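Throughout, read-outs are computed from the coordinates displayed, never taken from laboratory work. Note that the coordinates shown come from a computational prediction; the quantities given were computed from them, not determined experimentally. Backbone-built Cβ (ideal geometry, glycine too); neighbour counts: all protein chains shown.
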Amino acid sequence: MSKVKLGFSALFMLLLLSMFSAVAFAEDGVPPTSTNPGPGIHVGDIDNFGKQSTHRTHGNFQNNTNSCANCHSTHNGEDEMLLMKDGEYELCMSCHDGTMGFYDVTAPSGAGTFDDSHLSSSMHNVDSDLTVGSAPGKFASKSGDTAELECSSCHNPHGSANDRLLNETVAGKVFATSSVGGVPTPVPTGTKTITLELTDDPAFVEINALTGTGGLKITKSNGPKGLAGYNTVNDKIYYSQFCGACHDDYFAKRNVGSSTNPIPGKPSTGSPITATHTHDTYTHTTNSASQGRSCAACHYAHGTDATTMRDAAGRTVTDLLQLKDAEGNALFPTQEKAEKYMTDISEKGSSLKKFTNMAVCFACHGPNIAKGQIDPQFLNGSNQMLGRQFIK
Amino acid sequence: MKKRNVYLLMSSIVALSVAFFAAIYFFNLESKIKPIVAKVDQGGTPVFTNALYGDFNQPLSKPMDVTKIDELIYVSDTSNKQVQVFDQSGTPVLKFGKEGTKEGEFKFPYGIAGDKEGNIYVADLYNANISIFDSKGKFIKYFDDKEKALKSPGGLRIFKNKLYVTDIKANKVYVFNLDGKKVMEIGGPGADEGKFIAPNAVTVDDDDQIYVTDSGNNRVEIFDKDGKFIKIINGSEDGKGASTFLNPRGVAVDSKGNVYVVNNLAHNISAFDKDGKPLFELGGMGTENDKLYLPNGLFIDDRDTLFVTDTINQRVSVFY
């Protein structure tokens with residue numbers, strides 16, 4: 001009996017002990033998290049040189065960074081970038097939806113808009129299962145074809161040499177090439193090729209005036225700057241090469257559309273091509289830095305709608321609403337009427353255009369084609385359409 | 001008592017204990033037991049109890065804020081441009097609103113709060129107004145912002161017949177009487193004490209202190225009832241060191257005066273005591289029950305139940 005007694009007592013003791021130890025173990029302080037690996041240690045407190053770090057939103061990683069875990073899951077990712085599937089758009093939009101005030105991609109900006117609630121909207125439909133390979137003007141199948149179009153197809157949240165965190169690599173290849181010894185050669189990694197005309201956004205004067213917040217400046221973009229960049233290539237051309245990485249066929253000179261005219265190289269492929277290009281169609285020149293010849297002359301990068309597009313006289317819906325006749329009556333009394341006027345009726349949609357319908361063609365070529373027929377009120381002193389000034 | 005009976009009694013206690021814990025283990029009852037334990041142990045860390053997922057045909061899409069009015073839970077279902085209403089068990093009972101700029105319509109429904117009559121106030125960030133609905137979801141009127149101060153209303157709470165709203169673009173917090181008269185204005189753009197960059201949420205504690213999430217500066221600022229700056233909570237020892245917050249959003253205070261802050265990009269909720277001392281964290285990135293993925297809005301009811309909107313997981317998680 002004494003043996004049994006000892007056995008039961010010991011068992012009971014063990015049971016109690018294990019219960020208490022389990023409770024004690026569970027009470028062992030705060031569990032480590034991605035920003036607090038241990039009690040009193042906060043990732044982000046100290047920079048790479050032991051100084052108090054300043055906050056930068058994208059890039060500026062520290063050598064002891066643990067920020068990766070905020071977006072990536074090391075072993076349980078749901079896509080090949082170890083992100084949670086379908087989470088990328090939401091991740092970007094947790095700040096860029098207007099809740100940070102600045103860089104709201106749903107509001108009109110230099111890149112257009114991602115708001116699809118107005119008439120004639122068209123956009124680079126990120127987060128819609130669209131594949132990069134389905135880009136119009138796609139030349140040939142290559143790596144990255146089946147990748148889904150995401151914010152990261154064009155932007156690098158980790159930081160980039162280019163303005164607006166634009167990728168150095170698009171669709172799996174270095175998009176920017178310049179001529180070295182007559183051969184189109186990819187620019188070295190880390191070279192800034194996309195330079196945009198950025199100006200401090202007047203809506204954020206107070207924030208821009210701040211010092212000590214990690215150099216945060218809120219800027220407005222007006223497309224490529226149009227200056228010679230790396231290896232004397234104009235940044236407008238680099239910009240068009242960027243677009244041409246996916247829309248290859250549209251990155252060309254107007255007169256390359258014949259088999260007698262060898263294509264000097266598809267910069268987006270990253271390797272020099274000297275093959276003869278049998279191309280049945282002609283295209284508006286996009287690989288020149290002259291006005292109206294880069295992709296950004298006619299198209300927005302994000303998207304467009306009736307409220308962001310202009311007509312050939314350079315007027316937007318907002319401008320139309322201000323128009324009055326001689327008696328002071330509004331010519332476009334309602335937003336609805338103004339938006340109807342600005343509706344793009346093209347069969348293929350508004351194609352991310354900066355001008356409605358074919359108004360951009362008319363804005364440049366109008367006075368030459370319709371000689372003497374254009375109402376002088378839509379022309380400037382140099383006999384140019386008023387809308388032309390908005391074309392890069 | 002006979003020795004034999006004592007042994008029998010003891011062994012039966014042992015057997016029952018083992019059976020009890022075995023049952024919890026084998027039948028996966030841990031999640032059911034935890035809230036019960038938490039209820040008894042008031043000082044403990046809140047634990048996940050359940051989640052509200054919304055209508056099967058139209059689940060929550062980017063839920064940005066949540067509030068409880070009487071016994072119902074109201075969620076701004078932002079990407080669906082509507083408000084979804086649930087009972088405590090998570091059964092959808094009502095939804096209202098659709099996309100647009102007219103009465104009863106939303107472009108970006110964000111902060112949501114209720115008054116004593118059970119009316120629902122919804123701030124719309126893009127439409128730049130606050131809509132008032134009755135408890136059945138019928139549009140009554142717009143909040144009469146007499147000075148037309150609101151440019152981009154974000155976080156919204158009502159305490160003691162006063163409406164507190166953050167204006168994200170103006171970088172300010174406005175306090176109104178419910179008739180629309182502005183009684184106070186806090187902040188302005190900047191990183192100094194008392195200033196904001198993109199304030200996203202506001203709450204008030206029992207001492208009428210005002211807590212504002214200053215998302216762009218990665219901190220929570222605390223003001224007294226007259227709008228005078230008191231201190232900062234940012235996860236560092238005294239609020240003066242570098243912030244450990246990553247895009248802080250929802251903020252709420254429980255009955256003990258503990259402050260809870262949603263860390264959107266760190267996918268968790270940080271809790272602090274009255275003095276700003278860190279207590280614990282809830283969540284962490286993931287899709288499991290007690291995890292969060294880009295959480296945003298936070299509401300704590302009078303029973304200290306936490307409701308947090310979990311945007312990517314398309315739910316409102318309840319911790320108690």
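Across all Cα atoms of the range A:122-210, the radius of gyration (one decimal) and Dmax (whole number) stand at 16.4, 49 Å.
Put simply, the C-alpha atoms of the range B:1-142 give a gyration tensor, and the ellipsoid matching it has half-axes of 49, 15, 11 Å, longest first. The HN-Hα couplings worked out from phi for the range A:326-332 by the Karplus form 6.51 cos²θ - 1.76 cosθ + 1.60 (θ = phi - 60°) are 4, 7, x, 7, 5, 6, 10 Hz, whole numbers, x standing for Gly and Pro.
Using just its DSSP H runs of length 4 or more, each adding -39500 (n - 2.57), the protein assembly as shown gives a mean residue ellipticity at 222 nm of -4500 deg cm²/dmol after division by all residues.
Here the range A:225-239 is scanned for amide nitrogen atoms under 12 Å from the site 7 Å beyond the Cα of residue A:180 along Cα-to-Cβ, giving A:231.
Just round it to a whole percent: the fraction of Cα-Cα distances in the range B:129-252 exceeding 25 Å. Here the tail beyond 25 Å accounts for 22 percent of pairs.
Given C-alpha coordinates of the protein assembly as shown, what is the ratio Rg to Rh with the Kirkwood estimate of Rh?
1.05
Shown in residue order for the range A:299-314 are the 3J(HN,Hα) couplings computed by the Karplus curve 6.51 cos²θ - 1.76 cosθ + 1.60 at θ = phi - 60°: 10, 8, 7, 7, x, 9, 7, 4, 7, 9, 7, 10, 9, 5, 8, x Hz (x for Gly and Pro). Name the residue from B:51, B:298, B:21 whose Cα lies farthest towards the positive end of the charge dipole of chain B, charges +1 on Cβ of Lys and Arg and -1 on Cβ of Asp and Glu. Highest projection toward the positive end goes to B:21. Each label point is 7 Å from the Cα along the Cα-to-Cβ direction; what then is the distance between the points at residue A:208 and residue B:58, in nm? Result for the modelled spin labels: 4.1 nm. The distance from the alpha carbon centre of the range B:145-182 to that of the range A:329-351 is 35 Å, rounded to a whole number.
What percent does the relative contact order of the range B:191-320 come to when contacts are Cα pairs within less than 8 Å and at least six residues apart?
The normalised contact order for the range B:191-320 reaches 15 percent.
The eigenvalues of the Cα gyration tensor, multiplied by 5 and square-rooted, give the range A:280-392 an equivalent ellipsoid with semi-axes of 25, 19, 12 Å from largest to smallest.
Going down the table (B:151/B:240; B:32/B:68; B:68/B:107; B:141/B:274; B:102/B:162; B:62/B:225), which pairs top 29 Å between alpha carbons? All intermediate terms of the calculation are to be shown ahead of the outcome.
Numbers: B:151/B:240 31 Å; B:32/B:68 23 Å; B:68/B:107 22 Å; B:141/B:274 38 Å; B:102/B:162 26 Å; B:62/B:225 32 Å.
Violating the 29 Å limit, Cα to Cα: B:151/B:240; B:141/B:274; B:62/B:225.
Please report, in whole Å³, the volume per residue of the convex hull around the C-alpha atoms of chain B. Please report the intermediate quantities before stating the final value.
Details: hull volume 48.9 nm³, N = 320.
Cα convex hull per residue, to the nearest whole number: 153 Å³.
Considering only A:308, A:187, B:269, and ranking their Cα positions along the charge dipole of the protein assembly as shown that arises from unit charges at the beta-carbon of Lys, Arg, Asp and Glu, the one farthest toward the positive end is A:187. About its Cα centre, chain B has a charge dipole of approximately 580 debye under the convention of +1 per Lys or Arg Cβ and -1 per Asp or Glu Cβ, with nothing else charged. Place +1 on the Cβ of every Lys and Arg and -1 on the Cβ of every Asp and Glu in the protein assembly as shown, take the dipole about the Cα centre, and give the residue among A:292, B:246, B:155 whose Cα lies farthest towards its positive end. Sorting the options by dipole projection puts first A:292. Dipole magnitude for the range B:1-128: about 960 debye, using +1 per Lys or Arg Cβ and -1 per Asp or Glu Cβ, origin at the Cα centre.
Taking every C-alpha pair closer than 8 Å and separated by at least 6 residues, the mean separation divided by the residue count of chain B gives a relative contact order of 13 percent. Distances between every pair of Cα atoms in the range B:77-157, grouped in 10 Å steps from 0 to the bin holding the largest one, split as 20, 55, 22, 3, 0 percent. Relative to its residue count, the range A:281-341 spans a Cα convex hull of 124 Å³ per residue. Taken about its Cα centre, the range A:336-387 carries a charge dipole of roughly 120 debye when the Cβ of each Lys and Arg holds +1 and the Cβ of each Asp and Glu holds -1. Extending 7 Å from Cα along the Cβ direction at residue A:230 and again at residue A:9 yields two label points whose distance is 8.1 nm. With Cα atoms defining each centre, the range B:225-250 and the range A:226-252 are spaced 45 Å apart in the structure. Estimated from the Cβ-Cβ distance and a Förster radius of 51 angstrom, the FRET efficiency linking residue B:230 and residue A:347 is about 0.25.
Pairs of lysine residues in the range A:302-392 that meet both criteria, 8 or more places apart or on different chains and Cα atoms under 19 Å apart, total 7. Panel note: the C-alpha atoms of the range B:122-172, placed on their principal axes, show extents of 33, 25, 19 Å (largest first).
Remind me, relative contact order of the range B:252-297 in percent, using alpha carbon pairs under 8 angstrom and six or more residues apart?
On the way: 90 pairs, mean separation 14.5, N = 46.
Taking the mean separation of contacting Cα pairs over the length of the range B:252-297, I get 31 percent.
Between residue A:254 and residue B:30, the FRET efficiency estimated from the beta carbon spacing at R0 = 60 angstrom works out to 0.30.
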